[in-house]
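Just below is one structure, and these are the notes that go with it.
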Amino acid sequence: MGICQYMLKNIDCAIEHWKKSVQMDPKGADAYVSLGNAYFLSKKESGTAIDYMQKAIELAPNDPEIQFNLACMHESQGSLDQAIELYTQAASNGLDRAQPYLRNAMAKRIKQQI
């Protein structure tokens, strides 16, 4: 239901559905991922988004998509060390598209050090 509401641009309603999903299944990572993405992409609340995504990664620590999403969030906030670590994990867990993001984040870190 949350995904349908999100696609209809009913963001607050989607978030409420995902929060109910978390209450019903607090050990499932998917609702946390959806909450993290909604808060990051639609609500522009990076801190809340990262908190939800961090919970998702605690529940599914080897999921490369979650690692990648959390890395993107950290990179957007300038937390390059965390982003690099997570991009590296995502790439190691088979997510090939993490490689160019990893190289980009490493280049940004080098530029900061100059």
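Only DSSP H runs of four or more residues enter the estimate; each adds -39500 (n - 2.57), and after division by the residues of the chain the mean residue ellipticity at 222 nm equals -24500 deg cm²/dmol. Each Lys or Arg adds one and each Asp or Glu takes one away; over the other residues whose Cβ falls under 12 Å from the Cβ of Gln82, this sums to -2. Between Gln23 and Ser79, residue separation times 0.36 nm minus the direct Cα-Cα distance comes to 17.1 nm. Close Lys pairs in the chain, defined as Cα atoms under 24 Å apart and 8 or more places apart or on different chains, number 15. Once you sort the root eigenvalues of the Cα gyration tensor of the range 1-67 as a ≥ b ≥ c, which label holds: rounded (a/c under 1.5), prolate (a/b larger than b/c) or oblate (the other case)? Note, shape of the range 1-67 comes out oblate. About its Cα centre, the dipole of the chain is roughly 340 debye, where the only charges are +1 on Lys and Arg Cβ and -1 on Asp and Glu Cβ. Taking the inverse of the mean 1/r over every pair of distinct Cα atoms in the chain gives a Kirkwood hydrodynamic radius of 14.4 Å. Note on Leu8: accessible area is roughly 120 Å² with a 1.4 Å probe, heavy atoms of protein only.
The values are calculated or read from the model by the stated rules, or taken from the named source; none is laboratory data. Remember, it's a predicted structure, so these values are computed and weren't measured experimentally. Note that we place each Cβ from the backbone using ideal geometry, even for glycine, and neighbour counts take in every protein chain shown. Only protein heavy atoms, including side chains, enter the accessible area calculation; ligands, DNA and RNA are left aside. Shrake-Rupley method; radii C 1.70, N 1.55, O 1.52, S 1.80 Å.
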